[in-house]
Amino acid sequence: MNHVGLRIALISTPWPLFNRPSIQLGALKAYLGREVPKAEVDTHHVYLQVAAALGYGLYAQISERSWLSEAPYAALLYPERLDTISRFWSRHARGVFQDREIRLEKVCQTLKSVTDTIVDEKDWAAYHVAGFSINFSQLTSTLFFIHEIKQRAPDLKIVVGGSACSGEMGLSLLNTFPEIDFAVSGEGEVPLAKLCRLLLSDRQNEEVGLISGLMSRAGYRGKASEAFSQVPDLDVLPVPDYSDYFQLLNSFSPQKRFFPKIPVEMSRGCWWRKHSSKKGRGCAFCNLNIQWNGYRAKSPEKMLSEIRLLSEKYETLSLSFMDNLLPNKDLTSFFKKLASPGKEFRLFAEVRASTSREELATMASAGMRYIQVGIEALSTPLLKKLNKGTTAIENLEIMKNCETPGFPGLVSNLILHFPGSEQSDVADTLANMEFAMPFQPLKPTPFWLGYGSPV
């Protein structure tokens, strides 16, 4: 396929948080724009259009629950199974909608209408490649959009990637859904750029199977496709490009506009997984790092520059760190430098329970409003089974510190029904909850087994 240029559509479907652009799409657009200069890259945050049509409140309630969020598009994909999916929806929707009954059929009707509008308003046949980012709660919605778009543009090459496509999951998608041509295993920048260069040449049939981290429907699935192909130094990455998201948001009526949050990332992977006593395991329940090999972090100088540039370009002070865990080095120094006179940032990040009071104070001075902490349990023996590397007293300490006026507010979970938990763990938890009563409540979260979880 000898193209003077290559038109690429990068698409993120429901159900990410609607009030921030996709960092996956923003990072890929910036990288491809630099590495494949003959490519024209458009990003389509279709989840934002769906949220506006469905209503932001209802969208948020659905998007916060993984089982619930996969049901509507599953019903659109498989209408012959509507009765079964409706029963599933009713069971998981109990108590979610504040005593209102939200019928699955009504939700599907709205989703089908807005999806048709989104798909019909674009000339998908004008693109050569469409890349879909599939992460948490995006599987059925992505498959439905792929099906609808391929009906309108049958020659369009479809690439999927994201945490839901790593390893065997990506291969399974290729084997199950014939509309998909390629699946990226691991992070997408390097494999997608190499694929685009090949599509610009006449060599793709011979060489696509040699791209590490790329699995192909054409049958080129050697060992190279099973390996990750990562950017070794995150400092070389360009600043994410979120311009398409803001252009879409600004096209809405005033009643539908809002002040979004900007996603940023200091690191990829998890340093606790790297340094935990059970090397390479990390937290026993966690599967959030299956798309990365090892741990990498940007330099503080790179991160400071990126935050300031994004804040000024998009005229917002609200930023969310997307790291699974903030780096454990030089945090105090970094946030002291970020705390600028005249800049009242509103920040969110995820940290470990061992984060010190001094670090919390410095974060607060830079504008950290909320932190998510992996509390997970209030029993030290259970925390050991979870391989958290923390103790109940450390968890209680950070819960207490977050009650300090001016300190970041705490968001955290308490995992229920973890395999191997014993009655003594329950007794410890109940006893320690007495000490936690004055603090921000933990959200009870039933354990669920994800692909790649070490359990």
Completion exercise
By residue number, the members of the range 118-164 that are assigned to a helix (DSSP H, G or I), surrounded by fewer than 18 Cβ atoms within 10 Å (Cβ to Cβ) and either at pLDDT below 95 or of a type in the set (Lys, Arg) (or both) are 152
Practice task
Can you confirm whether the range 328-347 contains a residue that is out of contact with any helix residue (DSSP H, G or I) (no Cβ under 9 Å at 6 or more places or on another chain), assigned to a loop (DSSP other than H, G, I, E, B) and surrounded by 15 or more Cβ atoms within 10 Å (Cβ to Cβ)?
Solution key: no
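The rows are residues; the columns are (1) under 24 Å from residue 163 (Cβ atoms); (2) in a helix (DSSP H, G or I).
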{"position": "48", "(1), (2)": "yes, yes"}
{"position": "57", "(1), (2)": "no, yes"}
{"position": "76", "(1), (2)": "yes, yes"}
{"position": "81", "(1), (2)": "no, yes"}
{"position": "96", "(1), (2)": "no, no"}
{"position": "110", "(1), (2)": "no, yes"}
Practice task
Grab the helices (runs of 4 or more DSSP H) fully contained in the range 184-276, keeping just those with 2 or more residues being at pLDDT 90 or above.
Solution key: 189-199, 243-250
Fill in the blank from the handout: Checked against (1) modelled with pLDDT under 95; (2) under 24 Å from residue 24 (Cβ atoms); (3) not small (Gly, Ala, Ser), residue 372 satisfies every condition except (1)
Practice task
Tell me, yes or no, whether the range 3-24 has at least one residue that is farther than 18 Å from residue 59 by Cβ, of a type outside the set (Gly, Ala, Ser) and in a helix (DSSP H, G or I).
Solution key: yes
Practice task
Hey, can you tell me all the residues within the range 182-211 that are of a type in the set (Lys, Arg) and crowded, with 19+ Cβ neighbours inside 10 Å?
Solution key: 194
Problem - Selection from the range 314-326 of residues that are touching a residue at least 12 places away in the same chain (Cβ under 8 Å) and over 18 Å from the mean Cα position of the chain (by Cα) - result: 314, 316, 317
Practice task
Kindly provide the set of residues from the range 411-435 that are more than 25 Å from residue 369 (Cα to Cα) and among the polar types (S, T, N, Q), ordered by number.
Solution key: 421, 423, 424, 429, 432
Exercise for the section: State the number of residues belonging to the range 1-59 that are basic (Lys, Arg) and either touching a helix residue (DSSP H, G or I) at 6+ places or on another chain (Cβ under 7 Å) or not assigned by TED's automatic domain parsing to the domain that holds residue 97 (or both). Expected result: 1
Exercise for the section: Show the residue pairs that are 6+ apart or on different chains and have beta-carbon atoms under 7 Å apart, the first residue being within the range 405-426 and over 18 Å from residue 446 (Cβ atoms), the second being in a strand (DSSP E or B) and of a type outside the set (A, V, I, L, M). Expected result: 408/369; 408/370; 409/369; 409/370
Fill in the blank from the handout: Selection from the range 12-25 of residues surrounded by 24 or more Cβ atoms within 10 Å (Cβ to Cβ) and among the β-branched types (Val, Ile, Thr) yields 13
Problem - From the options 48, 32, residue that is aliphatic (A, V, I, L, M), surrounded by 23 or more Cβ atoms within 10 Å (Cβ to Cβ) and within 16 Å of the chain's Cα centre (by Cα) - result: 48
Completion exercise
In the set 168, 179, the lone residue that is out of contact with any Ser or Thr (no Cβ under 6 Å at 6 or more places or on another chain), over 28 Å from residue 36 (Cα atoms), surrounded by fewer than 20 Cβ atoms within 10 Å (Cβ to Cβ) and not assigned by TED's automatic domain parsing to the domain that holds residue 324 is 168
Practice task
Using the structure shown, decide if residue 294 is surrounded by fewer than 17 Cβ atoms within 10 Å (Cβ to Cβ), modelled with pLDDT under 95 and farther than 28 Å from residue 451 by Cα.
Solution key: no
Fill in the blank from the handout: Those residues of the range 51-69 which are without any contact (Cβ under 8 Å) to a residue 12 or more places away in the chain and under 19 Å from the mean Cα position of the chain (by Cα) amount to 64
Exercise for the section: Determine whether residue 40 is within 30 Å of residue 126 (Cα to Cα) and not in a helix (DSSP H, G or I). Expected result: yes
Problem - Scan of the range 420-446 for residues that are surrounded by 14 or more Cβ atoms within 10 Å (Cβ to Cβ) and either of a type in the set (Ser, Thr, Tyr) or outside the structural domain of residue 372 (by TED's automatic domain parsing) (or both), ordered by number - result: 421, 429
Handout entry: Qualifying positions in the range 402-431 - within 28 Å of the chain's Cα centre (by Cα), within 29 Å of residue 361 (Cβ to Cβ) and either assigned to a loop (DSSP other than H, G, I, E, B) or of a type outside the set (Gly, Ala, Ser) (or both)
Key = 402, 407, 408, 410, 411, 413, 414, 415
Completion exercise
Reported set for the range 351-391 where residues are in a strand (DSSP E or B) and surrounded by fewer than 20 Cβ atoms within 10 Å (Cβ to Cβ) is 369, 370, 372
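The values are calculated or read from the model by the stated rules, or taken from the named source; none is laboratory data. Values in this document were obtained by computation on a predicted structure and should not be read as measured data. Backbone-built Cβ (ideal geometry, glycine too); neighbour counts: all protein chains shown.
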